[in-house]
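Following: one structure in structure tokens, then a few remarks.
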Amino acid sequence: MSLTAVTTTTGAAEEPRVVKARHPWRWIATGVVLVLLAMAVNALITNPAWDWPVVREYLFHPSVVSAVLFTVELTVLGIVLGFLLGTVLALMRLSRVPLLTAVAWGYVWLFRSVPLILQLLFWYNLGALYRQISFGIPFGPAFYSVDSMDLIGPVTAAVLGLSLHQAAYAAEIVRGGLLSVDPGQLEAAAALGIPRRRQIFRIQLPQAMRSIVPAAGNEIIGLVKGTSVVYIMALPELFYQVQVIYNRNGRVIAMLLVAAIWYLVLTTVLSVAQYYVERRFGRGMARELPPTPLWRARRLVAARLAARRAGRAVPFGGTVGGAR
């Protein structure tokens, strides 16, 4: 809030009078947004087509909760395996060996070019291409063989498809993070005789995480919603289970709203976790870390209580004290 000092003179000097700057457009914009929010909330609550009783009935239904847990399981497996392979591919892209660089580039090009749903269908129908998968000497005798349908079931195909697809994007995220670190730091570490492995894990990677975490968080959140694609393999994830229920009871809108609420819950939890991980790896970039939402709320409440005790008004968003 800007303040303007006005001095009035009537022969003798008087104390300057502080006049608050007026911001009418801010109040107008706030009022318009509040009206729109009220209209949206009213439409959600008063419209019977949303069928809120059915939403309450099925929100914590055992089959829905089981589907949510399966969705989380697919997400965790896809992210962990995808980023492990993606990190290897990123190091291959940065390698001085031309063959490793070419193979990594080709992998990223291929798996980013083919839609995820096609990759899932390919792994699901792998048995049509290869009846058996053999293990042994390359181009030589096989020591052990197994039927493709026994080795790669629907769940395995889903995990393979999600992981391999995610690895292509994770490789570029990790590579970009590693390239964001000043090369001079690695040159100085090499001049000091620090081993290459320690340079990567103790110097380069902690700084690269500042660039990796935001993009990685977006990929994780995207994969939570991307698991809905595996419904084509009749796996009981959240979206497929919701379809099964509304095909049985005919409550399409209510069941879609159940799925939307659970996706909102999962992505919100991940967004909060991403915020705190970013905040941790952001240490050293600023003299003080930005305040957390919880601390901002506590600070606002403290300011209003202090203002009430002092008998004066404090503008909304007023602050007291420093960040934590």
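The table below gives the values:
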{"read-out": "Leading residue by the ranking (farthest from LEU94 (Cα to Cα)) among those in the range 190-225 that are not small (Gly, Ala, Ser) and not in a helix (DSSP H, G or I)", "value": "LEU192"}
{"read-out": "One residue from GLY127, GLY140, GLY136 being closer than 25 Å to LEU235 by Cβ and modelled with pLDDT under 85", "value": "GLY127"}
{"read-out": "Qualifying residue in the range 85-97 (condition: exposed (fewer than 11 other Cβ atoms within 10 Å of the Cβ) and assigned by TED's automatic domain parsing to the domain that holds LEU162)", "value": "yes"}
{"read-out": "Selection count where residues are assigned to a helix (DSSP H, G or I) and out of contact with any strand residue (DSSP E or B) (no Cβ under 9 Å at 6 or more places or on another chain), scope the range 126-183", "value": "30"}
{"read-out": "Check on LEU121, part of a helix (DSSP H, G or I), of a type in the set (A, V, I, L, M), under 18 Å from ALA90 (Cβ atoms) and out of contact with any Leu (no Cβ under 6 Å at 6 or more places or on another chain)", "value": "no"}
{"read-out": "Unique match (being among the hydrophobic types (A, V, I, L, M, F, W, C), within 25 Å of ALA128 (Cα to Cα) and in the same structural domain as GLY78 (by TED's automatic domain parsing)) among VAL213, VAL146, VAL181, VAL174", "value": "VAL146"}
{"read-out": "Criterion: without any contact (Cβ under 8 Å) to a residue 60 or more places away in the chain, among the β-branched types (Val, Ile, Thr) and either over 26 Å from THR267 (Cα atoms) or crowded, with 16+ Cβ neighbours inside 10 Å (or both) - qualifying residue of VAL146, VAL108, VAL114", "value": "VAL146"}
{"read-out": "For ILE203: the one exception among (1) modelled with pLDDT of 85 or more; (2) surrounded by fewer than 20 Cβ atoms within 10 Å (Cβ to Cβ)", "value": "(1)"}
{"read-out": "Single residue of the range 152-176 satisfying the filter (within 20 Å of the chain's Cα centre (by Cα), more than 20 Å from PRO206 (Cβ to Cβ) and hydrophobic (A, V, I, L, M, F, W, C)) that is surrounded by the most Cβ atoms within 10 Å (Cβ to Cβ)", "value": "LEU162"}
{"read-out": "Test result for LEU34, modelled with pLDDT of 85 or more, out of contact with any Cys (no Cβ under 7 Å at 6 or more places or on another chain), in the same structural domain as SER163 (by TED's automatic domain parsing) and part of a helix (DSSP H, G or I)", "value": "no"}
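The values are calculated or read from the model by the stated rules, or taken from the named source; none is laboratory data. Here the structure is a predicted model, which is why all the values come from computation and not from measurement. Virtual Cβ from ideal backbone geometry, glycine too; neighbours counted across all protein chains shown.
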